[in-house]
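First comes the structure, then the notes that go with it.
The values are calculated or read from the model by the stated rules, or taken from the named source; none is laboratory data. For clarity, every value in this text was computed on a predicted model and none was experimentally measured. Cβ placement follows ideal geometry from the backbone for every residue including glycine, while neighbour counts extend to all protein chains displayed.
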Amino acid sequence: MMTLTLEEFNQCISDLYEQSQQIHDRWQLLKTSKGSYLVYSFVDQDHLKHEFHIVYSESYAVPVLYFNISHLDGSLLSLDDVWQLFTHKKTSKMYETITQQEHSILHRPFFVLHPCHTENVLKQVADQPIKKKFLFWLSIYGQSVGLPLSVHYAID
Amino acid sequence: MTTLKFVPYSSAFDTGFWHELTRRKLDIYRLDSSDQAIFGYYSNDANDNMPVLFNVDHQCFDEKNQNSYQQQQYSVNGTLKLVNTIEEFKAFDIDSALKAESTLLWNDFIHGRALVDPQKLNRFYLLIFADLKKYIYHYWFAFPTFLVPTSFNLLNQVQSIGERFSADEITTISNLLNSNQSHACCLHRQQSVISLKQAVQQLNDQPQSTAEYLFIINDPSTDPVHPGWPVRNLLTLLYYHLQSVEELNVICWRERFRDGQRYVKHSLYLQLKPESIHNLNDAIPPTTGWEKNERQRLGSRQVNLSTSMNPIHLAETAVGLNLKLMKWRLAPEIDLECLEQTRCLLLGAGTLGCNVARCLMGWGVKHITFVDNSRISYSNPVRQTLFTFQDSCDNKPKAQAAADALKIIYPGIKSMGYDLTIPMPGHAVGDSTMEKVKDDVKLLQDLIRQHDVIFLLTDSRESRWLPTVIASAEQKIVMCCAVGFDSYVIIRHGVPTTESNASSTRYKNILSGDKLGCYFCNDVVAPGDSSVDRTLDQQCTVTRPGISMMASALSVELLVSILQHPLRGQCPALIRADLEESVPEAVSCLGIVPHTIRGFLGRYSTVLPTGEAFSQCVACSPIVRQAFQENGFSFLMKVFNELNYLEDLTGLRAMQLATDISEIIELSDDEEIQ
């Protein structure tokens, strides 16, 4: 299966959160009436805050990676500014699929790596256990937008 | 002796904080500007060269969320004051507010509550004014601290714990603090963790044993010599409660985790000489703590969030992004900006006008002007897609109603409506109406000049004559669209060029843009002659409803293709579109750019004939154009009032007279009238 059910998704993010706690990493697990999601944020050397959310997409039945980059006063970078930051990655396919959408739970604008290609990506690990599929997805998508992922997560 | 100096906080907001604040203001607080309890947090795991951040995020409004914070995040209670006007904000009594907040802190200090629960070591005050029309937020943080003691004297220079303790000692300390979640605590003999309260009690009993006590405080600063605000407050607290202690050992605890490994050696070790402040008699000492602004002055800050919160901005961004995605993923050569800047004049705001406008908006066109002289009637809304039943009850003028409807669909549109009757040949103008007609002509002329593309979407043949003449003189792009019961025709008028007849075309199969014909080129009679029944000039209420949508959509798509071509209105058309020969000059990035599209719904078929401009055309021929440019309104008056004037002028009359009816043969589309 190239997709994840909601239960599988919730299990994956729960596991990731547990692991994060153990290695003192910064993932936060937020549970709301509209669904659960994971958040990771850090402030870079230019004092820009990078925020990553892993949310479940019902229509594509896959996880989706939302992100925003903001100044410390909370104002967001525009799409053009974000492109400037990622110019070195122009050659990758990711360039075509960054778009801006309303976060399905928070209802405010986030940049998102469009999930239409996720099934293709997951094809390569179609026969792996769910947790490995999830981590594979996260490492590919996260890496293209600067999400640091410790190698520890790959270790059981 | 050197004195210890501290690094103040830098306030940091999560974007979600502003959204949640706005929501609460609108739904919960409304006009209530009384104090609200909120909380913020700081962490002790920042990287080097980071400012000392004090954070508030979208969870901060609800006390219940305090415990959902994670490791390395330490909560701080505070007060939010959300005022209702900018005047209140500017006139706000910051001294009183700081005093009030500091009093809460001071009371927690002197009554020992902060010793029991070190979370009470810190407080903050946040003053905000939210301008919810412009989405500009004015804010000012205060982090109260006391101005006594006046200095914190160090017995030795500030060191990192790596310089002071051995690796083993650091490991021991680290392990002891592993499961410690409190904001501050104390290590006794580096063997056990005790509370501040216990430490103070024991030290007051035996002040000489002070070397055995290591106070631990989580420190948000990463500066190698200066700790953060919580440390200052801890010292103030301890100096109040400790009696006759000669030396105080403090670790400003800083942690960093990388790949599961913990790094703490950058924590600071302080050895201080305490100065007792116990005899203050519980009166609150002077305080400080308002955050400086970006210019390092005492003043508020502001943040403008309209691009991410103003729905109109958000709509604009989303619509633009949608079109850009199409470009990036499917049609990289497309020029979207030129579409955005193209100003379109729609003559006719009926079935065709409404649908053309909708399609133009889909392409990101921002300037759309409607001209129509009629009002919305009950039969209109089902076919005229910008109007509603209510509009027909109100009998609104169509042009204005259409312009208004566009704004409701997309606020960023620049739409206008003009209630104007287009003067027509064969419709006589008397002396009493002449001035009005003159003004109407002037207005029409001005409108044509101010726009780039003219759509002819009216319900009669003769109403298209004057706009054709003017637009031809002004060298504008004209999209002429006419419908019959089950057929439609779309013609892009030839655009005359000021250059002399340029080089002959290298290809036999194309006709250059200035040689293309107009709506009237195929006629041998002038418009206004109502005795001849033609399919394409009837009042359009008798067409199959789908025809209008098909024709409108095709006109817009053809226009977009024209605009993508480097020659724009001058772009050539293939004479025989069915021929395989590919002619690069006649193609835009969207495909071929035909002159005429004729569709027949009964057969679901389309043909793409190309018509050459007729040298005796009643609308676009040089004779007519010259007469118009030289004689202006007096020429027009003759056209309006004299039945055969145009036919005489162009020589058509002579041609008619010379033609014997019995000699007429069937003309096919691609033959020319010489």
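Structure values in brief
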quantity: Residue check for B:Leu447: in a helix (DSSP H, G or I), in contact with a Phe, Trp or Tyr (Cβ under 9 Å, 6 or more places away or on another chain) and under 21 Å from B:Ser555 (Cβ atoms); calculated: yes
quantity: Pick from the range B:28-44, criterion within 14 Å of chain A (Cβ to nearest Cβ) and out of contact with any Pro (no Cβ under 9 Å at 6 or more places or on another chain), ranking: surrounded by the fewest Cβ atoms within 10 Å (Cβ to Cβ); calculated: B:Tyr41
quantity: Helices (runs of 4 or more DSSP H) contained in the range B:298-366 and holding at least 3 residues surrounded by fewer than 23 Cβ atoms within 10 Å (Cβ to Cβ) and not small (Gly, Ala, Ser); calculated: B:311-329, B:336-341, B:351-362
quantity: Hits in the range B:197-221 (condition: within 18 Å of B:Ser244 (Cβ to Cβ) and under 55 Å from the mean Cα position of the chain (by Cα)); calculated: B:Phe215
quantity: Test: B:Lys64 is within 13 Å of chain A (Cβ to nearest Cβ) and either farther than 17 Å from A:Arg26 by Cα or free of Cβ contacts under 8 Å to residues at least 12 places away in the same chain (or both); calculated: yes
quantity: Leading residue by the ranking (farthest from the other protein chains (Cβ to nearest Cβ)) among those in the range B:1-27 that are assigned to a strand (DSSP E or B) and among the hydrophobic types (A, V, I, L, M, F, W, C); calculated: B:Val7
quantity: Among (1) without any contact (Cβ under 8 Å) to a residue 60 or more places away in the chain; (2) under 23 Å from B:Leu563 (Cβ atoms); (3) part of a strand (DSSP E or B), the one test that B:Ile454 misses; calculated: (1)
quantity: Test: residue in the range B:282-301 that is farther than 30 Å from B:Ala130 by Cβ and of a type in the set (Lys, Arg); calculated: no
quantity: Unique residue being touching a Lys or Arg at 6+ places or on another chain (Cβ under 7 Å) and not basic (Lys, Arg) when the list is B:Val52, B:Val76, B:Val83; calculated: B:Val76
quantity: The range B:278-294 - residue that is of a type in the set (S, T, N, Q) and not in a loop (DSSP other than H, G, I, E, B) and, of those, farthest from B:Pro220 (Cα to Cα); calculated: B:Asn279
quantity: Long-range neighbours under 8 Å by Cβ, at least six apart or interchain, first residue over 27 Å from B:Pro149 (Cβ atoms) within the range B:280-303, second among the acidic types (Asp, Glu) and surrounded by 12 or more Cβ atoms within 10 Å (Cβ to Cβ); calculated: B:Arg301/A:Asp73; B:Arg301/B:Glu291; B:Val303/A:Asp73
quantity: Filtered residues of the range B:48-57 (kept if within 17 Å of A:Arg26 (Cβ to Cβ) and within 8 Å of chain A (Cβ to nearest Cβ)); calculated: B:Met50, B:Leu53
quantity: In the range B:253-279, the residues that are out of contact with any strand residue (DSSP E or B) (no Cβ under 7 Å at 6 or more places or on another chain) and free of Cβ contacts under 8 Å to residues at least 24 places away in the same chain; calculated: B:Arg258, B:Asp259, B:Gly260, B:Gln261, B:Asn279
quantity: Meets criteria (surrounded by fewer than 20 Cβ atoms within 10 Å (Cβ to Cβ), of a type in the set (Val, Ile, Thr) and either over 30 Å from B:Gly412 (Cβ atoms) or within 49 Å of the chain's Cα centre (by Cα) (or both)) for B:Ile284; calculated: yes
quantity: Filter pass, A:Asp80 being closer than 24 Å to A:Cys116 by Cβ and outside any strand (DSSP E or B); calculated: yes
quantity: B:Thr369 being of a type outside the set (Asp, Glu) and assigned to a strand (DSSP E or B); calculated: yes
quantity: When residues of the range A:18-58 are limited to those that are in contact (Cβ under 8 Å) with a residue 24 or more places away in the chain and among the β-branched types (Val, Ile, Thr), the one nearest to A:Leu138 (Cα to Cα); calculated: A:Ile54
quantity: Selection within the range B:304-340 - small (Gly, Ala, Ser) and either within 10 Å of another protein chain (Cβ to nearest Cβ) or within 30 Å of B:Leu104 (Cβ to Cβ) (or both); calculated: B:Ser306, B:Ser308, B:Ala318, B:Gly320
quantity: Residues being under 24 Å from B:Tyr41 (Cβ atoms), charged (D, E, K, R) and assigned to a strand (DSSP E or B) - total across the range B:226-277; calculated: 3
quantity: Residue tally, condition touching a residue at least 40 places away in the same chain (Cβ under 8 Å) and either surrounded by fewer than 21 Cβ atoms within 10 Å (Cβ to Cβ) or aliphatic (A, V, I, L, M) (or both), over the range B:600-615; calculated: 7
quantity: Hits in the range B:276-303 (condition: within 11 Å of another protein chain (Cβ to nearest Cβ) and at pLDDT 95 or above); calculated: B:Arg301, B:Gln302, B:Val303
quantity: The listed residue being in a strand (DSSP E or B) and at pLDDT 90 or above, out of B:Ile562, B:Ile597, B:Ile547; calculated: B:Ile597
quantity: Search result, residues across the range B:160-174 that are touching a strand residue (DSSP E or B) at 6+ places or on another chain (Cβ under 8 Å), among the polar types (S, T, N, Q) and either in a strand (DSSP E or B) or farther than 27 Å from B:Tyr41 by Cα (or both); calculated: B:Ser160
quantity: Output for the range A:20-54, where each listed residue is β-branched (Val, Ile, Thr) and within 14 Å of chain B (Cβ to nearest Cβ); calculated: A:Ile23, A:Thr32, A:Val39, A:Val43
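Results for (1) surrounded by 17 or more Cβ atoms within 10 Å (Cβ to Cβ); (2) modelled with pLDDT of 85 or more, shown as yes or no for each residue.
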{"position": "A:His71", "(1), (2)": "no, yes"}
{"position": "A:Asp81", "(1), (2)": "no, no"}
{"position": "A:Cys116", "(1), (2)": "no, no"}
{"position": "A:Leu122", "(1), (2)": "yes, no"}
{"position": "A:Gly142", "(1), (2)": "yes, yes"}
{"position": "A:Gly146", "(1), (2)": "no, yes"}
{"position": "A:His152", "(1), (2)": "no, no"}
